[in-house]
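Some notes on the structure that comes next.
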Amino acid sequence: QAQLVESGGGLVQAGGSLRLSCAASRNIFRGNRVGWYRQALGKQRELVAAFGSGGSANYVDSVKDRFTISTNSAGNTLYLQMNSLKPEDTAVYYCTAHVVVNVEGAAIDLWGQGTQVTVSS
């Protein structure tokens, strides 16, 4: 079973950039529903950016034109490029993949361990 390992979080000033990475042991980020969630302290987890199984990208309104979700050509790494960061982007960020495991459509949901992003004003 693939595991997801995140990296790239940290402390950055407002207006700065970070790139988060999510590595899997095999190609699961193409052809499956994958994405990035975040959870700020005291708030519910929210979907930030995602690829549908057809490959189209969707973003929550608050990050449109600032964040970009992408994968590498091998399909085993998922990225989230975050530009023009704001203090309200401060949260723990999680990658996730809904992986179909057989032709009947059975699937498993994989999550990364989370990486902290802190944006100072």
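Go through the residues of the range 36-47 one by one and say whether even a single one is under 14 Å from H98 (Cα atoms) and open to solvent by less than 60 Å² (accessible area, probe 1.4 Å).
Here is the first cut: in the range 36-47, the residues under 14 Å from H98 (Cα atoms) are 36-37, 47.
Checking which are open to solvent by less than 60 Å² (accessible area, probe 1.4 Å) leaves us with 36.
The answer is yes, given that some residue of the range 36-47 is under 14 Å from H98 (Cα atoms) and open to solvent by less than 60 Å² (accessible area, probe 1.4 Å).
Of all residues in the range 72-121, those satisfying the criterion of being β-branched (V, I, T) and at pLDDT below 95 are V99, V100, V101, V103, I108. For the residues V5, V92, V103, the requirement of being of a type in the set (A, V, I, L, M, F, W, C), in a strand (DSSP E or B) and open to solvent by 40 Å² or more (accessible area, probe 1.4 Å) singles out V5. Could we say that A57 is touching a strand residue (DSSP E or B) at 6+ places or on another chain (Cβ under 8 Å), surrounded by fewer than 18 Cβ atoms within 10 Å (Cβ to Cβ) and farther than 21 Å from P87 by Cβ here? Spelling it out, A57 is indeed touching a strand residue (DSSP E or B) at 6+ places or on another chain (Cβ under 8 Å), surrounded by fewer than 18 Cβ atoms within 10 Å (Cβ to Cβ) and farther than 21 Å from P87 by Cβ.
Looking at the range 8-31, which of its residues are surrounded by fewer than 16 Cβ atoms within 10 Å (Cβ to Cβ) and modelled with pLDDT of 95 or more? Those that are surrounded by fewer than 16 Cβ atoms within 10 Å (Cβ to Cβ) and modelled with pLDDT of 95 or more: G10, L11, Q13, A14, G15, G16, S17, R19.
In the range 106-116, what count of residues is obtained for those that are part of a strand (DSSP E or B), in contact with a Gly (Cβ under 9 Å, 6 or more places away or on another chain) and open to solvent by less than 40 Å² (accessible area, probe 1.4 Å)?
Initial filter on the range 106-116 (part of a strand (DSSP E or B)): 107-111, 115-116.
Add one more test, that the residue is in contact with a Gly (Cβ under 9 Å, 6 or more places away or on another chain), and what stays is 115-116.
Filter again for open to solvent by less than 40 Å² (accessible area, probe 1.4 Å), leaving 115.
The total comes to 1.
Test S73 against the stated conditions and say whether it is part of a loop (DSSP other than H, G, I, E, B) and of a type in the set (S, T, Y). The answer is yes for S73. Residues of the range 61-85 that are more than 10 Å from the chain's Cα centre (by Cα), free of Cβ contacts under 8 Å to residues at least 40 places away in the same chain and open to solvent by 40 Å² or more (accessible area, probe 1.4 Å): D61, S62, K64, D65, S73.
The values are calculated or read from the model by the stated rules, or taken from the named source; none is laboratory data. Bear in mind that the values here come from a model prediction, so they are computed numbers and not experimental data. Note that we place each Cβ from the backbone using ideal geometry, even for glycine, and neighbour counts take in every protein chain shown. The area values use the complete protein model at the heavy-atom level, side chains included, leaving out ligands, DNA and RNA. Shrake-Rupley method; radii C 1.70, N 1.55, O 1.52, S 1.80 Å.
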